Structure formats: C-alpha cells, structure tokens
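Input: a single structure, listed below in structure tokens.
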Amino acid sequence: MGARVIDFRVSTLPVLFGEKIVLRILDKGNLTLDLKTFGFEPKSEENLLKAILNPYGMVLVTGPTGSGKTTTLYSALSRINQIDVNIMTAEDPVEYNLLGINQVLVRNEVGMTFAAALKAFLRQDPNIIMVGEIRDLETGSIAIKAALTGHLVLSTLHTNDAPSTITRMVDMGIEPFNVASAVNLIVAQRLVRRVCKDCKTEHEYTPEEMHAFAIDKKVGPFFKGAGCDTCAGTGYKGRQGLYEVMALTSPLRREILERCLDRGAARPRGERRDVDPAHGRHAEGQEGRDHARRSRKRNRGRIRRGSMPINLRALLEEMIEKDASDLHLVAGERPKIRVDGDIVNAQSEEVMTPKDTLSLAYSVLTENQKKRFETENELDFSFGIQNLARSAATCSSSAAACRSSSGKFRST
C-alpha cells in the first residue's frame with residue numbers, strides 16, 4: 001500500500017461447505033517497540049527492565065494466542081540491542097525483521113526445530129537468545145541450560161497467568177531446582193479494547209454493573225464509546241495491554257524448590273492493574289483475588305497435582321539437624337534415619353507408598369538418570385538441593401526403596 005509494507009499471515013482450513021481462511025495483518029509501520037508506551041505499572045516496568053538487562057537468566061512472556069507476546073519480546077530485544085551484542089532468535093514464523101538481530105526461521109519439515117536451533121545457537125557465542133515458544137521438554141531443557149550458563153534467554157509459553165507458568169514447566173518435565181535457578185521474571189499479558197477517543201461520552205453505570213466490575217464509584221468519571229466512523233460504529237478503537245509481572249524473589253524460589261507453589265500466595269503483591277476507565281482499560285483487580293480465593297476453597301483438603309505428601313527437603317534438614325548418616329525411604333514404612341548407628345523413625349508420620357518413594361526419587365533424577373533407572377531398576381546417583389546440601393543416593397525399584405547417604409553432604 002504505497003510506501004507501507006504490510007504482511008499477512010494466512011491460515012486455511014477445509015470445512016464442510018468450503019474453505020475457512022483467517023488473515024492476520026502484520027503492519028510494520030504500526031509496530032511500537034518502546035516498552036515505556038506499553039502501559040506497565042512503574043514497579044512492573046522497573047522489574048522487567050532489570051530482568052532484561054541481566055547478563056544471564058530467563059524471562060518468560062505468557063498469554064493466549066494473539067495477546068501480543070511476540071511484540072513484547074521484540075520490544076525487550078530492541079531495548080537491549082547494541083552493536084556489540086550477539087542476539088539470536090528462533091521463530092515460527094519470523095513476524096518482523098529487526099535490524100542487527102540474527103533471526104532464524106524454524107522449519108520442522110527439514111529438521112530445523114526450536115531445539116535444533118537452540119543447540120546451533122550455543123555454538124555461535126550468543127549473548128542473548130530468543131526462542132519463539134517453549135513447546136516441549138527438549139526445548140525447555142536446552143533453554144534452561146543456556147540461561148544457567150551465562151546467556152539471557154527470552155521466550156513464551158501458553159498459560160493463564162504468571163504463577164501457572166512455573167507449574168507448566170514442572171509438568172513439562174523440567175526439574176524444579178532448574179526452574180528456580182534459571183527463571184528471573186514472568187510476564188502474563190492480555191489485550192483489551194480501548195474506548196474510541198473520537199466518540200467517547202461520559203456514562204453512568206448501574207449499581208449492578210459497578211458491583212460486577214468490582215469498581216468503586218469514586219474512581220469515575222466513566223466513559224463509553226457511542227460509535228462513529230473512526231471506530232466503524234463499535235465504540236472501540238485500538239487495544240491496551242494488561243500485564244501481570246512476577247519477579248522470582250528468594251521466597252518464591254524456595255517454594256518452587258519445595259514443589260508447593262501456591263497460586264494465590266505466589267501472586268505478586270501490589271502488581272495488579274488499577275482501573276483507568278478514561279483510557280478504556282479493564283482491570284482484573286478484585287476478580288483476581290476472588291478467583292484465587294475460589295481456587296483455594298475448591299482445592300482445600302486435596303493434594304495439588306505435582307505436590308508430594310512427604311517433603312524431601314524437610315527430611316534432609318532433619319538429617320542435618322540430628323547429624324544422621326543415612327536416610328531410608330521404603331514403601332510400606334515411615335521414613336527412617338540412621339543416628340549414631342541406630343535406625344530410627346523420622347519425624348514424619350506418613351507411611352510411604354511405592355508411588356511416594358518413586359516420586360521422591362524422580363524429583364531429583366535427571367532425564368538420563370530416569371531412563372537408566374527404568375531399564376536397570378537400580379541406580380547410584382548424586383543430587384543437590386539449593387542452599388541446603390548435596391547427597392549420594394541409591395535407588396532400587398524392585399524393592400521400592402531409596403537410600404540417601406549424608407556422609408557426602410556438603411554445603412552449597
């Protein structure tokens with residue numbers, strides 16, 4: 001269109017009575033890459049800038065398809081793009097060409113997957129790596145390792161909110177201690193419509209509507225689009241981002257390590273978006289708190305998926321406190337420790353099931369160790385828990401038992 005370059009992403013699908021086509025318009029002239037114009041809260045913007053200016057670690061942007069995740073990542077890359085910085089991206093597809101950035105198109109049909117691109121990147125001496133999306137365990141594991149070995153890694157995931165990203169990664173098979181060590185910050189975002197500036201008029205909402213929105217009438221005045229030629233009669237023109245920014249603090253990292261991250265407790269305090277109806281924004285505010293309260297009530301008395309009734313960290317802390325030499329975990333028995341040559345019951349009164357024993361073992365095994373354990377039914381290995389200790393252990397699936405020796409413990 002004249003001097004403007006506009007790209008289209010086209011998706012076609014044969015349906016019962018013909019072809020269904022969806023066009024996604026990519027207008028390069030309308031691309032905004034200044035993070036300061038995105039509408040972050042001051043504290044959230046400060047946390048995000050601090051995270052992307054780190055020389056290593058991982059920054060994740062989450063949200064549904066079409067919520068602007070790629071644009072947020074592009075803006076972050078533009079903020080840190082310097083002539084002496086080697087930035088490499090793997091994308092499917094490459095939506096916008098960015099000057100000074102090495103962009104790679106992922107093509108699964110020829111073997112150029114996200115994981116393959118990441119492996120190649122690590123031989124290119126990159127400073128910053130962007131992965132279009134973490135879709136599987138292999139991609140996630142390589143991205144985590146890159147973040148732990150001195151690279152800044154930016155990527156996206158499909159989750160509903162920031163705390164759920166941790167659960168998603170652990171469920172994918174990435175070890176919790178790796179997630180806790182590598183991830184620095186998570187941004188969850190949505191796009192909402194903005195009231196048209198040309199036809200907005202002051203509007204009085206009913207008490208029922210105000211109650212449904214959980215908005216205090218004192219924060220008005222409120223506006224509504226009447227509809228005009230500019231907005232094609234819809235009352236809305238343009239979109240506004242809503243962001244939830246969760247920086248991984250030390251308490252959060254400890255919760256992740258213990259595999260008991262609670263969604264309500266993990267929500268960053270003071271980071272919810274305030275209501276600003278004059279600009280057409282809609283906040284989650286009270287709704288977010290109500291949703292967390294409903295979730296906790298619904299899950300009360302139920303073990304969360306991925307959590308374990310017996311906490312390995314607590315058992316190891318008890319070993320250190322009592323100067324025990326061994327920890328014995330056997331199906332059908334309570335956890336036991338060896339103190340001064342005698343094997344005694346640990347403080348936990350839970351009786352171990354075969355599932356408990358294997359879950360505890362699998363929580364510290366790497367992927368390669370799990371495969372060896374499944375084929376050999378017995379495994380000698382060592383593991384570490386951050387800020388606690390390292391241990392040597394022996395597992396046997398035939399006896400549904402796991403023995404951990406503290407004789408090789410050392411501070412980490």
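Some observations on this one:
- Residue 153 vs. criteria open to solvent by less than 80 Å² (accessible area, probe 1.4 Å), touching a helix residue (DSSP H, G or I) at 6+ places or on another chain (Cβ under 6 Å) and over 28 Å from residue 367 (Cβ atoms): no
- Failed item, numbered, when residue 39 is tested on (1) closer than 21 Å to residue 134 by Cα; (2) over 19 Å from the mean Cα position of the chain (by Cα): (1)
- Selection of segment 315-357 for residues being hydrophobic (A, V, I, L, M, F, W, C) and under 20 Å from residue 378 (Cβ atoms) yields 327, 329, 330, 331, 352.
- Single residue of 147, 117, 143 found to be small (Gly, Ala, Ser), open to solvent by less than 20 Å² (accessible area, probe 1.4 Å), modelled with pLDDT of 90 or more and over 16 Å from residue 174 (Cα atoms): 117
- Just so you know, in segment 23-44 the residues that are in a strand (DSSP E or B) and open to solvent by 70 Å² or more (accessible area, probe 1.4 Å) include one that is modelled with the highest pLDDT, and it is 23.
- Segment 4-44, subset in contact with a strand residue (DSSP E or B) (Cβ under 9 Å, 6 or more places away or on another chain), of a type in the set (Gly, Ala, Ser) and without any contact (Cβ under 8 Å) to a residue 40 or more places away in the chain, residue nearest to residue 241 (Cα to Cα): 29
- Number of positions in segment 215-239 that are in contact with a Gly (Cβ under 6 Å, 6 or more places away or on another chain) and over 10 Å from residue 199 (Cα atoms): 0
- For residue 65, the requirement of being in a strand (DSSP E or B), hydroxyl-bearing (Ser, Thr, Tyr) and out of contact with any Phe, Trp or Tyr (no Cβ under 9 Å at 6 or more places or on another chain) is not met.
- Only one entry of 54, 47 meets the criterion of being in a loop (DSSP other than H, G, I, E, B), in contact with a strand residue (DSSP E or B) (Cβ under 7 Å, 6 or more places away or on another chain) and more than 23 Å from residue 113 (Cα to Cα), and that entry is 54.
- Residue match in segment 177-191 (condition: open to solvent by 50 Å² or more (accessible area, probe 1.4 Å) and over 30 Å from residue 369 (Cα atoms)): yes
- Residues of segment 83-99 satisfying the condition of being among the charged types (D, E, K, R) and either open to solvent by 20 Å² or more (accessible area, probe 1.4 Å) or in contact with a helix residue (DSSP H, G or I) (Cβ under 7 Å, 6 or more places away or on another chain) (or both): 84, 92, 95
- Residue list for segment 196-221, restricted to those being open to solvent by 20 Å² or more (accessible area, probe 1.4 Å), in contact (Cβ under 8 Å) with a residue 24 or more places away in the chain and touching a Lys or Arg at 6+ places or on another chain (Cβ under 8 Å): 197, 198, 200, 201
- Some residue of segment 100-108 being touching an Asp or Glu at 6+ places or on another chain (Cβ under 7 Å) and surrounded by fewer than 14 Cβ atoms within 10 Å (Cβ to Cβ): yes
- Residues within segment 337-368 that are among the small types (Gly, Ala, Ser) and farther than 17 Å from residue 393 by Cα, tallied: 3
- Any hit, segment 65-82, residues being among the aliphatic types (A, V, I, L, M) and open to solvent by 20 Å² or more (accessible area, probe 1.4 Å): no
- Filtered residues of segment 225-257 (kept if touching a Leu at 6+ places or on another chain (Cβ under 9 Å) and over 30 Å from residue 35 (Cβ atoms)): 257
- Residue 393 farther than 19 Å from residue 170 by Cβ and at pLDDT below 65: no
The values are calculated or read from the model by the stated rules, or taken from the named source; none is laboratory data. All values reported here derive from a predicted model rather than from experimental measurement. Here the Cβ is made from the backbone with ideal geometry for all residues, glycine too, and neighbour counts use every protein chain on show. For accessibility, only protein heavy atoms count, side chains too; no ligands or nucleic acids. Shrake-Rupley method; radii C 1.70, N 1.55, O 1.52, S 1.80 Å.
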